[in-house]
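Since the structure comes first, as C-alpha cells, the remarks are kept for the end.
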Amino acid sequence: MVLADLGKRINGAVNSALSNTQDDYATAVDSMLKGIVTALLEADVNISLVSKLRNNIKSKLMESKGKSINNVQTKKLIQKTVFDELCNLVDCHEKEPFKPKKKKTNVIMFVGLQGSGKTTSCTKLAVYYAKRGFKVGLVCADTFRAGAFDQLKQNAIKARIPFFGSYTETDPVKVAEEGITKFKKEKFEVIIVDTSGRHRQEQELFREMIEISRVVKPHQTIMVLDASIGQAAEQQSKAFKESSDFGAIILTKMDGHAKGGGAISAVAATNTPIIFIGTGEHIHDFESFSPKSFVSKLLG
Ligand code: GDP
C-alpha cells in the first residue's frame with residue numbers, strides 16, 4: 001500500500017468511527033483501531049510500533065469512556081489523539097537539529113547504499129545551503145564505483161556548486177582528506193562529502209565509513225534511505241548506525257510508490273530524525289521534513 005492510500009485508510013477508519021451512531025464508545029474505538037492497525041501494517045510499519053501506537057491511542061481515548069462518540073469534544077479528542085500518535089511515530093524528539101554556522105567550516109558526510117539517491121541528495125542539500133548564503137563545496141569520496149566522480153561532477157556543474165574528486169586516487173580516505181583541506185583553505189562554510197554505497201563485502205563498506213569519518217570529522221552524518229525499500233529499511237539503517245552513527249536521515253523517492261512505513265520504522269529503530277525528503281529527480285525536488293506537516297499531508 002502506498003503512503004497516500006495509508007492516509008486515506010486511516011481517515012476512513014477515523015471517520016467511520018465518528019459517524020457511527022449505533023455502537024457504544026468502546027466498540028467504535030476498537031473498530032477504528034482495527035482499521036488503523038491494518039492500514040499501518042500493510043504500509044510496512046514495524047509490528048511492535050503499530051502495537052504501541054494502538055495501545056497509546058486506546059488508553060488515551062478510554063479516559064473519556066462513557067462519553068458519546070457524537071459529542072463534538074469527543075470527536076476532536078479522537079482526531080487529535082490519532083494525529084498526535086502518528087506524529088510520535090515519525091518524531092524522535094531530537095533536542096537541537098543541526099544547523100551549519102556561517103563563517104565556520106561545517107562538514108557533512110553522507111552514507112547510504114548505492115542507488116538510494118545519495119549523490120542526488122548531496123547536490124540537493126548543497127543547493128539548499130547555497131541558496132541560504134553558505135559557501136558550499138562537494139567532495140566525491142567514492143573511489144569504488146567507476147563513474148561516481150563523473151556523476152557528482154555533472155550534478156555539481158548543473159547546480160553550479162564547486163566540487164572535488166580524483167580520477168586516479170584509489171583511497172577514498174585520501175580523497176576525502178584532500179577535499180576537506182582544499183575547501184577549508186578556501187574558506188568554504190559547508191563541505192559535503194559523498195561516500196561509496198557499495199563494496200565487494202558489506203563489512204568493507206562499513207569499515208570504510210569509519211575510516212572516512214575519522215579523518216573527515218563530520219559535524220553531521222546523514223544516512224540516505226530509499227523510501228521504497230519497505231521493511232528492509234530498518235535493518236539497513238541499524239547496520240549503518242553501528243558503523244557511522246549518523247545523526248539524520250534523508251528519505252528519498254517519496255514521489256514514487258513508496259510504502260514509507262519501513263522508513264518510519266527506521267526512524268524509531270535508530271532514534272534518528274528525518275530532516276529532508278526527496279520528491280523527484282530534479283535538484284529542487286527536496287523538502288524539509290517535519291513530523292506535523294508530514295502527518296497533516298498524509299491525512300489530507
Ligand atoms: P546513489 O547511488 O545513492 O548515489 O544514488 P543516485 O543519487 O545516483 O540516485 C539513484 C537514482 O535515483 C537516480 O536515477 C536518481 O535520479 C534517482 N533519485 C534520487 N532521489 C530521488 C527522488 O527523490 N525521487 C526520484 N523519483 N528519484 C530519485
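The values are calculated or read from the model by the stated rules, or taken from the named source; none is laboratory data. The model shown is predicted, which means the values in this text are computed figures rather than measured ones. Please note: Cβ atoms are built from the backbone with ideal geometry, for glycine as well, and neighbour counts cover all protein chains shown. With ligands, DNA and RNA removed, areas are computed over all heavy atoms of the protein, side chains included. Shrake-Rupley method; radii C 1.70, N 1.55, O 1.52, S 1.80 Å.
Where residues in segment 254-281 are away from the ligand (no atom under 16 Å from the Cβ) and of a type in the set (Val, Ile, Thr), which of them is nearest to Phe98 (Cα to Cα)? The residue in question is Thr272. Hey, among the residues in segment 19-29 that are crowded, with 16+ Cβ neighbours inside 10 Å and either in contact with a helix residue (DSSP H, G or I) (Cβ under 7 Å, 6 or more places away or on another chain) or not hydroxyl-bearing (Ser, Thr, Tyr) (or both), which one's modelled with the lowest pLDDT? The qualifying residue modelled with the lowest pLDDT is Asn20. May I ask you to verify whether Thr123 is closer than 22 Å to Ile157 by Cβ, open to solvent by 10 Å² or more (accessible area, probe 1.4 Å) and within 18 Å of the chain's Cα centre (by Cα)? When the stated conditions are applied, Thr123 does not pass them. Screening segment 88-112 for residues that are modelled with pLDDT under 90 and buried (at least 16 other Cβ atoms within 10 Å of the Cβ) and picking the one that is nearest to the ligand (Cβ to nearest atom) gives Val90. Of all residues in segment 113-139, those satisfying the criterion of being among the small types (Gly, Ala, Ser) and more than 12 Å from the ligand (Cβ to nearest atom) are Ala126, Ala130, Gly133, Gly137.
Of all residues in segment 192-204, at least one satisfies being within 16 Å of the ligand (Cβ to nearest atom), surrounded by fewer than 20 Cβ atoms within 10 Å (Cβ to Cβ) and part of a helix (DSSP H, G or I). Applying the condition of being open to solvent by 60 Å² or more (accessible area, probe 1.4 Å) and in contact with a helix residue (DSSP H, G or I) (Cβ under 7 Å, 6 or more places away or on another chain) to segment 32-47 and asking which residue is nearest to Ser265 (Cα to Cα) yields Ile47. Looking at Lys238, is it outside any strand (DSSP E or B) and either under 22 Å from the mean Cα position of the chain (by Cα) or under 23 Å from Gly278 (Cα atoms) (or both)? Judged against the criteria, Lys238 is a match.
Scan segment 205-226 for residues that are open to solvent by 10 Å² or more (accessible area, probe 1.4 Å) and either touching a Leu at 6+ places or on another chain (Cβ under 7 Å) or part of a helix (DSSP H, G or I) (or both) and the total you get is 8.
The set of residues in segment 161-185 that are in contact (Cβ under 8 Å) with a residue 24 or more places away in the chain and open to solvent by 80 Å² or more (accessible area, probe 1.4 Å) comprises Thr170, Glu177, Lys184.
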